[in-house]
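These notes concern the structure reproduced below.
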Amino acid sequence: MTNIRVGMGYDVHQLVEGRDLWMGGIKLDHTLGLLGHSDADVLIHAICDAILGAANMRDIGYHFPDTSAETDGMDSKIILKKTIELIATKGYCLVNIDATICAEKPKMNPHIPAMQQCMAQIIGCDVDQISIKATTTEKLGFTGRQEGIAAYAVALIERIS
C-alpha cells in the first residue's frame, strides 16, 4: 500500500448580506458573508475535501451533511479537526497543504498568516506545512462580480502506522 497520497479539494459559496465572512478559521471584516449550512468557510472546506480525498474517505458533504441539524451553523474549525481525526483512523497524518482563495474583495493577503496559524494549531502541525495564496479573477466570472468566493486545495498525507 502507498504510504504517501495526494488529494484535491474545491469549494464555492455565495456572498450575501447578513452573514459573517469566515476564511481559514478567521472572521474577516466585510460587508458580505458566505451563505452555507455551516459557517461556509470555503478555504477550510476545500482543504478538508483535499485531505479526505487523499485518504479515499469521500468528501465533507458525506461526513458533515448539510441536511443534518448537528452541522447547522457548525464552525468549520470543528470540521477541520474532525477531518484530521478521521484520516488518523486509517493511519494517516498531514504532510502539507497548498491552497488558493479566489476573491476580488476583501483582500486576503493581510490575513493569510493568521489563517495559517489558526489552522496549524487545529491540525497540530507547523505553520510552514500550510501554504495559502490568494488571487482575483480580474473581475471575470462569479468571483470577479463579487457574487461568491471559491477555494482550491491540494493536500499531501502520509501513512504513519
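Quick note: the coordinates plus some simple rules give every number you see, no bench work behind them. Computed from a predicted model, the values in this text were never measured in an experiment. Because the Cβ atoms are built from the backbone with ideal geometry, glycine has one as well, and the counts that use them run over all protein chains shown.
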Test for D49: is it touching a Gly at 6+ places or on another chain (Cβ under 9 Å), assigned to a helix (DSSP H, G or I), among the acidic types (D, E) and surrounded by 15 or more Cβ atoms within 10 Å (Cβ to Cβ): yes
Filter result for I122 (within 14 Å of the chain's Cα centre (by Cα) and not in a helix (DSSP H, G or I)): no
G25, sole failed condition from (1) on the phi < 0 side of the Ramachandran plot; (2) touching a residue at least 60 places away in the same chain (Cβ under 8 Å): (1)
Given (1) touching a helix residue (DSSP H, G or I) at 6+ places or on another chain (Cβ under 6 Å); (2) buried (at least 17 other Cβ atoms within 10 Å of the Cβ); (3) in a loop (DSSP other than H, G, I, E, B), number of the condition T137 does not satisfy: (2)
Residues of the range 75-109 satisfying the condition of being in contact with a helix residue (DSSP H, G or I) (Cβ under 7 Å, 6 or more places away or on another chain), within 15 Å of E158 (Cβ to Cβ) and part of a helix (DSSP H, G or I): I84, I87
